[in-house]
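Working notes, structure below.
Every read-out reported here was derived from the displayed coordinates using simple, explicitly stated rules and does not represent laboratory data. From a predicted model like this one, the values you see are computed outputs, not experimental measurements. Positions of Cβ are backbone-derived with ideal geometry, glycine not excepted, and every protein chain shown enters the neighbour counts.
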Amino acid sequence: MTLLHKLTLLLILMLAPVAAMAAPAQGPSAMSQIILFGGFILIFYFLIWRPQSKRAKEHKALVSGLDKGDEVVTGGGLAGRITRITDDFLVLEISDNVEVKVQRHAVAQALPKGTLKDI
């Protein structure tokens, strides 16, 4: 073994305990993790939960306010005038003497009066 190899081996053996004694890396503190988690909850609430509940409330008000003679569009794209209403279903007249029975919650939008005549 050459002198260079001996010195290298000696240096490695001397530095190994020093490297093992180095302080372990510190992770984020508990407070920063709680703040990060709270931030994710706020983002989830404002971007997903709150807008969805607002849309559901508006749709519920729309469906509960339907009356005979209203012009509506269903989620499937059918446009018609309401001729009969029950608790769960309504009958749409989509053309002269053509009626379709749909569920109340299938109504996507109420149209202004006279819209169907313009079509």
Self-check item: Residue within segment 72-81 that is in a loop (DSSP other than H, G, I, E, B), surrounded by 10 or more Cβ atoms within 10 Å (Cβ to Cβ), free of Cβ contacts under 8 Å to residues at least 60 places away in the same chain and over 21 Å from the mean Cα position of the chain (by Cα) present
Solution: yes
Exercise. Look through Leu47, Leu36, Leu78 and report the one residue that is in contact with a strand residue (DSSP E or B) (Cβ under 8 Å, 6 or more places away or on another chain) and of a type in the set (A, V, I, L, M, F, W, C).
Key: Leu78
Practice problem: Residue by residue through segment 82-92, note down the ones that are in contact with a strand residue (DSSP E or B) (Cβ under 7 Å, 6 or more places away or on another chain) and either assigned to a strand (DSSP E or B) or of a type in the set (A, V, I, L, M) (or both). | Solution: Ile82, Thr83, Arg84, Phe89, Leu90, Val91, Leu92
